[in-house]
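Chemist: Sending over a structure as structure tokens; questions will come in a sec.
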């Protein structure tokens, strides 16, 4: 083996150890989640009381998707940190296997139960993570297609907007409630993180 090959092999092993250490650190995932939520709340606060543009509806239109995306990413990061604590095999052979952004599934996989309102917000936030917080359009027109629900049991028919196309400042309350519950769960997360020496 050449010196260059040996050096490259050493760097690969150090990167693997670093990856495993970082991936299994619930505190790192939690800190990242809290940072994302902090910035999301700054954006929400700006929407609620910023001066430029002076029209609150225009501020909402311009910035709500960013606030929703960051809020969703905060929940995603916290839930993934809890999941890797609960099941360290999620990080195996230096590969991250939990690649889903589906917040309903991720949050429920932590053991946290969600009510209908939380489920709805999580479903919507997933779309903001996947596309609506980053791009003006989804990958296909289907992502902009509303769903028609027929009248049933005395309830009128209704039209449901597709996820990622509607935001509500009241989402902040639901997001905060979910994050608070995830924080409590994180402090009691069962399992053992992968223990590695620092490279």
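The values are calculated or read from the model by the stated rules, or taken from the named source; none is laboratory data. All figures in this text were calculated on a predicted structure; none of them were measured in a lab. Here the Cβ is made from the backbone with ideal geometry for all residues, glycine too, and neighbour counts use every protein chain on show.
Chemist: Taking segment 71-111 as the search range and keeping residues that are more than 15 Å from the chain's Cα centre (by Cα) and assigned to a loop (DSSP other than H, G, I, E, B), which one is farthest from residue 38 (Cα to Cα)?
Modeler: If we take residues in segment 71-111 being more than 15 Å from the chain's Cα centre (by Cα) and assigned to a loop (DSSP other than H, G, I, E, B), then 93 is farthest from residue 38 (Cα to Cα).
Chemist: Another question about this same structure. Regarding segment 145-166, can at least one residue be identified that is part of a helix (DSSP H, G or I) and modelled with pLDDT of 90 or more?
Modeler: No: zero hits.
Chemist: Look through 34, 59, 85, 16 and report the one residue that is farther than 26 Å from residue 124 by Cβ and surrounded by fewer than 20 Cβ atoms within 10 Å (Cβ to Cβ).
Modeler: On inspection, the qualifying residue turns out to be 16.
Chemist: Within segment 1-24, how many residues turn out to be assigned to a helix (DSSP H, G or I) and over 27 Å from residue 129 (Cβ atoms)?
Modeler: Within segment 1-24, residues that are assigned to a helix (DSSP H, G or I) and over 27 Å from residue 129 (Cβ atoms) number 14.
Chemist: Considering segment 102-116 alone, what residues qualify as being surrounded by fewer than 16 Cβ atoms within 10 Å (Cβ to Cβ) and touching a helix residue (DSSP H, G or I) at 6+ places or on another chain (Cβ under 6 Å)?
Modeler: Listed by number, the list holds a single entry, 102.
Chemist: If you take the residues of segment 25-69 that are modelled with pLDDT under 85 and outside any helix (DSSP H, G or I), which of them is nearest to residue 178 (Cα to Cα)?
Modeler: Selected residue: 50.
Chemist: Here are the criteria: (1) at pLDDT 90 or above; (2) within 21 Å of the chain's Cα centre (by Cα); (3) more than 24 Å from residue 189 (Cβ to Cβ). Tell me which single one residue 14 does not satisfy.
Modeler: (2)
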